[in-house]
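See below for the structure under consideration.
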Amino acid sequence: MSKSVLIIGGGAAGLMAAGTAAKRGLNVTVLERNERPARKVMITGKGRCNVTNACTLINELTDAVPVNSRFLYSAFSRFMPYDTMDFFEEMGVKLKIERGNRVFPESDKAVEIVDALVRFCKKSGAKIETSQRVRNLIIEDGEVRGAVTEDGKRYLADAVLLATGGCSYPLTGSSGDGYKFAKSAGHTIVTPKPSLVPLETEDSWCKRAQGLSLKNVAITITDKERYKQVYSDFGEMLFTHFGVSGPIILSASSHLGEITPDKYELSIDLKPALSEEKLDERLIRDFAKYSNKALGNALQELLPRKLIPVIVSLSGIEPDLRANKITRDMRHDLGYLLKNLTCTIKGTRPIEEAIITSGGVAVNEINPKTMESKICKGLYFAGELIDVDAYTGGFNLQIAFSTGVLAGKSMLGE
């Protein structure tokens, strides 16, 4: 009789592990708390699913993992992004590569990725049981023996994989239960905190620009206490009722330590393609063209309409002042503002709104070559539950796939 494996969590890591283990002839059961598996995968990449990053070198992967990247070396070595791409292509999902090596399904539909993972599991012989909420693990003599669901049903197994995710987006099933299960097995939990999360700002003008998305802007975040630049990036961002969001802001959030009042300043360069001199020349031309118009009207070709009243207000220039009355010093100050639009960061949004969770099961208690617990025999881990997290761009799903494959190959001996 084949040995049995119980996988708790039917997300990206759990499904990849399930199919991999089942292909080895193991009797695999996945317990998923939701009615459908991989709910969180469905909303990644705004429903398009940034499935991986098409980098080819392992150091490109580890460089994108600011927390415990060395722990992932074995997992990445066994299953690289090109393996992920080959996997989904073989499962019938056509892929495309976009800016920053981000990989998406050609259809722009995350459901194709979810369906492929479920199909892989079932084709390999794994059984997926949905709407099954686990209450606790069964642990005897320092060895995991299975799990008990909330309705009292016992699932016995020779090995158990925890792939429950973190505690971001709880409506998708990432409830944080995995931390409780790991702790009951003797594991240390590094306090979870939000990562890849929107930022709240002190400045009311951000709210005035709510809903405005800016493309091709540059940002810099400075630690004012240490007079040190901690992050810079170029790309797309968004103003919200609480502050700022968007891809470059989410990436920036991974680089911030504890946020205290007035510690971090965000500076936005609205025109990174123009030097200060070139921007001044552009302002001179526009002011000449709209010489009898008020400042706001003179900026209509340079800035998005929603941002113009914000800039006019922050500039300190009288809104009704005609362009031909603006002095050289006023123009220079305006140019500086356009290259250095600043706001103060006061905190992050709640962990429930974070894309991923930083923190989790301490990596020094997991064997990086197998994903097995060093504390509880037969217990394995994969995905976001582990204390590893990466930047945006497909890297976090790659962590899920790589650790899932490694665990699937390792459970009960490769």
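The values are calculated or read from the model by the stated rules, or taken from the named source; none is laboratory data. Bear in mind the structure is a predicted one, so any value in this text is a computation, not a measurement. We place every Cβ from the backbone using ideal geometry, glycine too, and count neighbours over all the protein chains shown.
Summed over segment 193-228, the residues that are out of contact with any Asp or Glu (no Cβ under 9 Å at 6 or more places or on another chain) and either under 30 Å from Gly383 (Cα atoms) or of a type in the set (Ser, Thr, Tyr) (or both) give a count of 6. Which residues, counting only those in segment 21-30, are closer than 25 Å to Gly176 by Cα and crowded, with 24+ Cβ neighbours inside 10 Å? If the condition is that a residue be closer than 25 Å to Gly176 by Cα and crowded, with 24+ Cβ neighbours inside 10 Å, then Ala21, Val28, Val30 are the ones that fit.
In segment 125-133, is there at least one residue being in contact with a Lys or Arg (Cβ under 8 Å, 6 or more places away or on another chain), farther than 23 Å from Val363 by Cβ and not in a loop (DSSP other than H, G, I, E, B)? Yes, segment 125-133 contains a residue that is in contact with a Lys or Arg (Cβ under 8 Å, 6 or more places away or on another chain), farther than 23 Å from Val363 by Cβ and not in a loop (DSSP other than H, G, I, E, B). Just one of Arg305, Arg349, Arg331, Arg322 is surrounded by fewer than 23 Cβ atoms within 10 Å (Cβ to Cβ) and more than 30 Å from Phe287 (Cβ to Cβ); which is it? When all the criteria are applied, what remains is Arg349.
Just checking, does segment 55-74 include any residue being under 20 Å from Gly413 (Cα atoms), small (Gly, Ala, Ser) and without any contact (Cβ under 8 Å) to a residue 60 or more places away in the chain? So far as segment 55-74 goes, no, none of its residues is under 20 Å from Gly413 (Cα atoms), small (Gly, Ala, Ser) and without any contact (Cβ under 8 Å) to a residue 60 or more places away in the chain. Here segment 40-53 is the region considered, the condition is being on the phi < 0 side of the Ramachandran plot and surrounded by fewer than 19 Cβ atoms within 10 Å (Cβ to Cβ), and the residue that is modelled with the highest pLDDT is Arg48. Among the strands (runs of 3 or more DSSP E) confined to segment 139-232, the ones with at least 1 residues that are small (Gly, Ala, Ser) are located at 143-149, 159-162, 189-195, 213-223.
Which pairs turn up if I take residues in segment 208-223 that are assigned by TED's automatic domain parsing to the domain that holds Thr342 and look for partners that are charged (D, E, K, R) with beta carbon separation below 6 Å, at least 6 apart in sequence or on another chain? Sorted first by the residue in segment 208-223, then by its partner, the pairs are Ala209/Lys306; Leu212/Lys306; Lys215/Glu236; Ala218/Asp269; Ile219/Asp233; Thr222/Glu265. Among the residues making up segment 277-301, those that are without any contact (Cβ under 8 Å) to a residue 24 or more places away in the chain and in a loop (DSSP other than H, G, I, E, B) are Leu299, Gln300, Glu301. For Glu265, the conditions (1) in a loop (DSSP other than H, G, I, E, B); (2) of a type outside the set (Ser, Thr, Tyr); (3) over 25 Å from Leu321 (Cβ atoms) all hold with the exception of (1). Considering every residue within segment 307-320, establish whether at least one is in contact (Cβ under 8 Å) with a residue 60 or more places away in the chain and under 28 Å from the mean Cα position of the chain (by Cα). Yes, segment 307-320 contains at least one residue that is in contact (Cβ under 8 Å) with a residue 60 or more places away in the chain and under 28 Å from the mean Cα position of the chain (by Cα). Within segment 353-376, if we keep just the residues that are assigned to a helix (DSSP H, G or I) and among the acidic types (Asp, Glu), the residue that is nearest to Ala159 (Cα to Cα) turns out to be Glu365.
Return the residue satisfying two criteria in turn: it lies in segment 144-193 and is β-branched (Val, Ile, Thr) and under 17 Å from the mean Cα position of the chain (by Cα), and of such residues it is modelled with the highest pLDDT.
Going residue by residue through segment 144-193, those that are β-branched (Val, Ile, Thr) are 144, 148-149, 160, 164, 172, 188-191.
Remaining after also requiring under 17 Å from the mean Cα position of the chain (by Cα): 164, 172.
Numbers: Thr164: 94, Thr172: 43.
Of everything passing the filter in segment 144-193, Thr164 is modelled with the highest pLDDT.
Tally time: how many residues in segment 67-84 are surrounded by fewer than 22 Cβ atoms within 10 Å (Cβ to Cβ) and either among the polar types (S, T, N, Q) or over 18 Å from Ala382 (Cα atoms) (or both)? Selection size over segment 67-84: 5.
Among the residues of segment 83-93, how many are part of a helix (DSSP H, G or I) and either touching a strand residue (DSSP E or B) at 6+ places or on another chain (Cβ under 8 Å) or more than 20 Å from Cys121 (Cα to Cα) (or both)?
Within segment 83-93, the subset part of a helix (DSSP H, G or I) is 83-90.
Narrowing further to those that are either touching a strand residue (DSSP E or B) at 6+ places or on another chain (Cβ under 8 Å) or more than 20 Å from Cys121 (Cα to Cα) (or both): 84-85, 88-89.
Matching residues across segment 83-93 total 4.
What tally of residues in segment 365-409 results from selecting those that are over 30 Å from Leu256 (Cβ atoms), in contact (Cβ under 8 Å) with a residue 40 or more places away in the chain and not aromatic (Phe, Trp, Tyr)? Talk me through it step by step, then tell me what you get.
Step one: list which residues in segment 365-409 are over 30 Å from Leu256 (Cβ atoms), which gives 367, 369-370, 372-380, 405-409.
Still in the running and in contact (Cβ under 8 Å) with a residue 40 or more places away in the chain: 369-370, 373, 375-380, 405-409.
Keeping just the survivors that are not aromatic (Phe, Trp, Tyr) gives 369-370, 373, 375-379, 405-409.
Residues that pass the stated criteria total 13.
You will find that of Arg39, Arg24, Arg78, Arg33, the residue that is within 16 Å of the chain's Cα centre (by Cα) and closer than 25 Å to Lys123 by Cβ is Arg39 and no other.
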